[in-house]
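Working notes for the structure below.
The values are calculated or read from the model by the stated rules, or taken from the named source; none is laboratory data. Just so it is clear, the structure is predicted and the values come from calculations on it, not from any experiment. Quick reminder, even Gly has a Cβ in these numbers, built from the backbone with ideal geometry, and neighbours come from all protein chains shown.
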Amino acid sequence: MTREMTGAKMVVQALKDQGVEVIFGYPGGAVLPIYDEIFLQNDIRHILVRHEQAAVHAAEGYARSTGKPGVALVTSGPGATNAVTGLTDALMDSIPIIVLTGQVPTFMIGTDAFQEADTIGITRPCTKHNWLVKETDKLSQTIHEAFHVATSGRPGPVVIDIPKDVQFATGRYADRAHHVSRYQPRKKGDPDAIMVLVKMMETAKKPIFYTGGGVINSGPAASELLRELVDATGFPITSTLMGLGAYPASGKHWLGMLGMHGLYEANMSMHDCDLMINIGARFDDRITGRIDAFSPRSRKAHIDIDPSSINKVIRVDVGIVGDVAHVLQDLLDVWKSRGRVTDRKGLSGWWDEIAEWKKIDCLKFKNSGKTIKPQHAVQRLEALTKGRDRYITTEVGQHQMWAAQYLNFEDPNRWMTSGGLGTMGYGFPASVGVQLAHPDALVINVAGEASWLMNMQELGTVAQYRLPVKQFILNNERLGMVRQWQELLHGERYSQSWSEALPDFVKLAEAFGIKGIICKDPADLDDAIMEMINHPGPVVFDCLVEKHENCFPMIPSGKPHNEMLLGEADTQGVIGSQGAVLV
Amino acid sequence: MSALNIKKGSTSHSAYNLRDTHSDKIERHTLAVVVENEPGVLARVIGLFSGRGYNIESLTVAEIDHEGHRSRITIVTSGTPHVIDQIEAQLGRIVPVHEVHDLTAAGSAVERELALFKVGGKGDARVEALRLADIFRANVVDSTLESFVFEITGTSDKIDAFAELMRPLGLIDVARTGVAALSRGAYK
Ligand SMILES: Cc1cc2nc3c(=O)[nH]c(=O)nc-3n(C[C@H](O)[C@H](O)[C@H](O)COP(=O)(O)OP(=O)(O)OC[C@H]3O[C@@H](n4cnc5c(N)ncnc54)[C@H](O)[C@@H]3O)c2cc1C
Ligand SMILES: Cc1ncc(C[n+]2csc(CCOP(=O)(O)OP(=O)(O)O)c2C)c(N)n1
């Protein structure tokens, strides 16, 4: 069936056909025809953010918490350039989002027209793919293809740039059902390679699963299969920041997060293992530390849907290109059919070693009765929200790491954080996107005051749509993570890492008609958190915490996994000049 | 040659390759990249090389299948075996890229480049230029009393050699197309 309609109408029709329920956007001259169509219908809800960067992060939060693609709509020129940080963030973290940008009419492209920007050129390196649509006849199929590309293979952000005349003109609408795409990344892993891995698993004495965001990307089935595999083999499992929740924190074989601020037992196990099985993680430098000292005695296998991830940073012995769920299913089948063999004796010795590392209790910290320790605040947040239908987003910095360390995630898609780009200002708008996807859930953004200020304009969005998001700000009046590095690496010269002239967060919230809570006494903390949870609307929670707390454990830049700093006592002169050039 | 130095491309599936990707010897490889002929695709390929710090020694592009909207980009690049593998994988993930062939890894390929040389001069130099052009099987495609334009095809090495010879004889300008290459034999 072909239908004639305007380009603007096609946009809305295609989004409906793709099952889109909500889009995040901000209008402007170059998208007015689309806004007209949005006005004329009620199926798709448009959320008016207060800055285009926030629209993109909200779409990311929506996507990560649902497994569905997120959609944002922005105008040409400044609208599009404001979206660039969000696009880059989504590219780094493999988040499927579709960003529609308005463009000046085709006949004015290239003339430095009002609010013209080379959106395709600017966003080419920060999208998985992008399209400039010059003919209305091609618009609907381009949108269908964009959804397909964003969500297939390794997910990522895409941009569709739509000139205003294309929105006004009439063309043929192509149904989603008829869309065929050439882009079909491979999902099934190579059976020979899977067999090699199974054999390695059968004989390994010190194996470890190192899992990542790819398990979340692959969908709920992947997490289920992972749980089955881990519990059936009895191998220990650690995860990156991006993969938290794929295996439950309460699981018997869970070692906690690994990496620069990961747990001692996780990092030591990675260093000393004899078989490392990477499932949907990308050997990021926060994980590997010094490459030539990375897990020196292990054989390594890597399951990843993106061939370029394999052997990119760490050379592996077995690379399996495929989707996590597909590969794990085959892996389990083969392993079971061969009699579920593992080296039980080796494993039990391995768990004994791990038990010794666990005894270090690397997350212990010195609590205080006078000031609120940030770790304590997160611990209490965990205790008081445990078991609830809870989603967590974060900003970037120390608080992000404390949230990763002290909060427990039992399920995938419950943890939204900016890992690869490390975008301060991500968490607040992301919480908006999550709350829209899960209206009845408890959505908390664990924030640092500096990051939070970067997108605090979203208080307007939250107030307008009465989104009950909780902004849990660990306020140390410092750019804490920067300050920590300056302390360790730059002779305690705290250059520009002060949060000066901070607002009164309670009054700021109140100015938007939102509830504000301030808490500075550890004795009041539980009651204050409960007040936040029980308040039916949005809350800005200003939690005044210890100002100079450092985040441990920490693997200093340029050091191997087994040279971790566990507390203040370890920090003197630790990072050599070589490490100092690393970020 | 180490035992691991098994010829490139000898493992067809990506499962576990036997190539010595630890080697840090710089190799020169010719890649054939078949792409969807759509706007911006060349920019994507070039952006990949500049963005990730890979070298481009030469690059040619032209449509090869009008009906099927296919273009072929031939890239000569250099890097360690590990970098070459990454380049191939990174090219492969560009959405409008259909195929990537490492012609160097697949065995010897036929590689040709076309160049135009403008050589000015009078007297003996002029005669010598013409004589050398003949030896190199270059054609004269334009001549004035004071200049020739030679057209020459061949491997890049041959063209380099011709350029060296022309330089002292009054070389005015050169235009080179970059390498076009195909694998030998009856298959792709
Ligand atoms: C201040 C700060 C500190 C940090 N410290 C740490 C730290 O201590 N520890 C830590 O872990 N991280 C830390 N990070 C995050 C870190 O920078 C990286 O973002 C993170 O480690 C990458 O996670 P990942 O390897 O799981 O990869 P992701 O970025 O999640 O990539 C996923 C991988 O899976 C693949 N994939 C995607 N979909 C599929 C599929 N369906 N099937 C198979 N494969 C798929 C992709 O191709 C990719 O290779 C920190 C970040 C910040 C900002
Ligand atoms: C947009 C952006 N700019 C700069 C940085 C560098 N940076 C990383 S953490 C950090 C400090 C964050 O401070 P805050 O939000 O208060 O969190 P804290 O570390 O104190 O918990 C900075 C400036 C960044 N990650 N993102």
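General remarks:
- Boolean, A:LYS559 is in a helix (DSSP H, G or I) and basic (Lys, Arg): no
- Every residue from the range A:369-407 that is touching a Gly at 6+ places or on another chain (Cβ under 6 Å) and either part of a loop (DSSP other than H, G, I, E, B) or away from ligand 1 (no atom under 16 Å from the Cβ) (or both): A:GLU395, A:VAL396, A:GLY397
- Qualifying residues in the range A:106-126 (those that are part of a loop (DSSP other than H, G, I, E, B) and among the small types (Gly, Ala, Ser)) - the one farthest from ligand 2 (Cβ to nearest atom): A:GLY110
- When the test is whether a residue is of a type in the set (A, V, I, L, M, F, W, C), within 20 Å of A:SER308 (Cα to Cα) and either more than 8 Å from ligand 1 (Cβ to nearest atom) or modelled with pLDDT of 95 or more (or both), A:ILE277 passes it.
- Picking from residues in the range A:283-335 that are of a type in the set (D, E, K, R) and over 21 Å from B:ALA89 (Cα atoms), the one that is surrounded by the fewest Cβ atoms within 10 Å (Cβ to Cβ) is A:ASP292.
- Residue match in the range A:93-113 (condition: farther than 24 Å from A:ILE38 by Cβ, within 14 Å of chain B (Cβ to nearest Cβ) and crowded, with 22+ Cβ neighbours inside 10 Å): yes
- Test set (1) away from every other protein chain (no Cβ under 14 Å); (2) surrounded by 17 or more Cβ atoms within 10 Å (Cβ to Cβ); (3) among the β-branched types (Val, Ile, Thr) - B:ILE56 fails condition number: (2)
- Taking the range A:294-325 as the range and being in a strand (DSSP E or B) and over 23 Å from the mean Cα position of the chain (by Cα) as the test, the residues that pass are A:ARG299, A:LYS300, A:ALA301, A:VAL318, A:GLY319, A:ILE320.
- Pairs where the first residue, in the range A:59-86, is more than 26 Å from A:ILE216 (Cα to Cα) and assigned to a helix (DSSP H, G or I) and the second is hydroxyl-bearing (Ser, Thr, Tyr) and away from ligand 1 (no atom under 16 Å from the Cβ), C-beta under 9 Å, 6+ apart: A:GLY79/A:TYR26; A:GLY79/A:THR101; A:ALA80/A:THR101; A:ALA80/A:THR119; A:ALA80/A:THR123; A:THR81/A:THR119; A:ASN82/A:TYR26
- Scan the range A:181-233 for residues that are under 15 Å from A:MET276 (Cβ atoms) and within 14 Å of another protein chain (Cβ to nearest Cβ) and the total you get is 3.
- Candidates A:VAL341, A:VAL321 - the one that is among the β-branched types (Val, Ile, Thr), more than 16 Å from ligand 2 (Cβ to nearest atom) and over 27 Å from A:GLU265 (Cβ atoms): A:VAL321
- Failed criterion for A:ALA509 (all others in (1) in a strand (DSSP E or B); (2) within 23 Å of A:THR461 (Cβ to Cβ) hold): (1)
- If you filter the range A:280-308 down to residues that are free of Cβ contacts under 8 Å to residues at least 40 places away in the same chain and within 12 Å of ligand 1 (Cβ to nearest atom), you find that the one that is farthest from the other protein chains (Cβ to nearest Cβ) is A:THR288.
- Test result for A:GLY219, away from ligand 2 (no atom under 16 Å from the Cβ) and within 22 Å of A:GLY349 (Cα to Cα): no
- Residues satisfying the stated conditions in the range B:66-120, i.e. hydrophobic (A, V, I, L, M, F, W, C), in contact with a Gly (Cβ under 8 Å, 6 or more places away or on another chain) and within 14 Å of another protein chain (Cβ to nearest Cβ): B:ILE87, B:VAL100
- Restricting the range A:132-161 to residues that are free of Cβ contacts under 8 Å to residues at least 40 places away in the same chain and either within 18 Å of the chain's Cα centre (by Cα) or within 15 Å of ligand 1 (Cβ to nearest atom) (or both) leaves a set whose member that is nearest to the other protein chains (Cβ to nearest Cβ) is A:VAL149.
- Residue check, A:GLY422 within 15 Å of ligand 2 (Cβ to nearest atom), more than 14 Å from every other protein chain (Cβ to nearest Cβ) and surrounded by fewer than 24 Cβ atoms within 10 Å (Cβ to Cβ): yes
- Selected residue (only one of A:MET416, A:MET401 is of a type in the set (A, V, I, L, M), closer than 25 Å to A:LEU226 by Cα and within 13 Å of ligand 2 (Cβ to nearest atom)): A:MET401
- Residue satisfying all of: in the range A:394-406; in contact (Cβ under 8 Å) with a residue 60 or more places away in the chain and over 14 Å from A:MET242 (Cα atoms); surrounded by the most Cβ atoms within 10 Å (Cβ to Cβ) among these: A:HIS399
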